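For reference, the structure discussed in these notes is given below.
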Amino acid sequence: MSSTTAFLCHFSKAFLIVFILMLGTLSVSLTPIFLVISGEEVVYASEFLGLGTSFPEIDEGKVERIDDAAHMDVAIGKFYPKVRLIGVRLPKEELPFISYLDRARTLMEKALLDSDVFISYDVFRYDSDSNYLSYLWFPYELEDTEVLISANLLLIMNGFCDYVPETNVKGKLHEFMEQAKHYAKSNRTGIWSEDENPETSLEARIHNSEKKTANRTLSITVTGDFDTPYSGYVEIRKMFANVSIRQDIRGAVPHIHVIELDDSWDDQYFSLTASIVPKTKNKDLTATVRFNNEVLTSESIGPYTGGRVFIYLMLVKYSLD
């Protein structure tokens, strides 16, 4: 092989490698657009517009309270689930990242608080703390057209958080979340502008049953004086088998706790015990037990009626028919 031919061969290989790398870069490139939310300009991507309509199942609700940028209470009908944004990992509350936590929460308050939103789900619907694992969307008027903006992607793309997949099963928006993270890191935006990488907060693991079993759900809805903290437990036990499920619960009013049941509980008699104690005295507290949204029972306490809500149901049986 002549030196010229060898040079051309090596050049072709090098060009091919560079071309492949360029294709890889282009594949994650985004077209930034700028949104103004209550006077604050944030970046989004035109490639993310319309993603909300790709989910066949979507719930409509209203944001009642925001704990932080990734956790909030959303009223969905008569339910008040705690919502956790899928894949969003906030930095721990330590320097130099505290200011980004504050900015992220303020952004979510401006965009979502007391507003109508839409919630969609992935393979797993709950984590082990009964939070709804959700993609959260809010309407935004862009060039005289209403579009749905993903709060998850907005936080990631503006560098207010990291993106961490919930499981090894890649979520429906995984590639878009990765692109949003790549954009923020490449542009040294938000938490990625610091000289050190953030250590992110730990989150509850996903619930061990898949969304397909969600049509068998027992729920405990805790209502009463707003923001009253409480703790306790819920236990269900098959009457004629040594099988039980116990879930320690805690939260602040209003909140809902969900226990998913598999098909081995169908047409079985079971008992249910729940004990819920408010951490502040002289408060109203009501616990309502539902199966598939149908009320089984409800118990309450008030300022002068005792220190805990106690529920005991015996010989409960249900069927999906």
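We did not get these values from a lab; they are worked out from the coordinates using the rules stated. Fair warning: this is a prediction, and the values are worked out from it, not measured in the lab. Counting neighbours? That spans all protein chains shown, and the Cβs are built from the backbone with ideal geometry, glycine included.
Table for the structure above
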item: Value of relative contact order over segment 132-173, rounded to a whole percent, pairs C-alpha under 8 Å and six or more apart; result: 25
item: Cα shape, segment 165-321, gyration tensor, a/c 1.5 rule; result: oblate
item: Two-site FRET efficiency, Asn282 against Glu146, from Cβ-Cβ distance with R₀ of 56 Å, rounded to 0.05; result: 0.75
item: Shape of the chain, Cα gyration tensor, a/c cut at 1.5; result: prolate
item: Distance between segment 145-193 and segment 228-279 - C-alpha centres, whole angstrom; result: 35
item: Charge tally in the Cβ shell below 13 Å around Arg105, where Lys, Arg are +1 and Asp, Glu are -1, Arg105 excluded; result: -3
item: Too-long pairs where the Cα-Cα distance tops 19 Å, listed order kept, from Lys62/Lys281; Lys62/Lys170; Lys62/Lys82; result: Lys62/Lys281; Lys62/Lys170
item: Cα gyration tensor shape for segment 71-154, rounded if a/c is under 1.5, else prolate or oblate; result: oblate
item: DSSP-defined antiparallel bridges as percent of all bridges, the chain, nearest 5; result: 95
item: In degrees, nearest ten, helix 98-112 long axis to first principal axis of the chain (Cα); result: 70
item: Cβ charges +1 (Lys, Arg) and -1 (Asp, Glu), total dipole of the chain, debye; result: 860
item: From phi via Karplus (6.51, -1.76, 1.60), per-residue ³J(HN,Hα) for segment 134-142 in Hz, x at Gly/Pro; result: 9, 8, 10, 10, 10, x, 8, 8, 10
item: Segments 293-306, 259-272 sorted - mean Cβ within 10 Å per residue, highest first; result: 259-272, 293-306
item: Eligible aspartates and glutamates near Lys185 by straight Cα distance, threshold 16 Å, same-chain separation 8 or greater; result: Asp162, Glu175, Glu194, Asp195, Glu196, Glu199
item: 222 nm mean residue ellipticity, helices alone, for the chain (DSSP H n ≥ 4; -39,500 (n - 2.57); rounded to 500); result: -6000 deg cm²/dmol
item: Assigned charges on the beta-carbon of Lys, Arg, Asp, Glu; segment 208-321 dipole about Cα centre (debye); result: 380
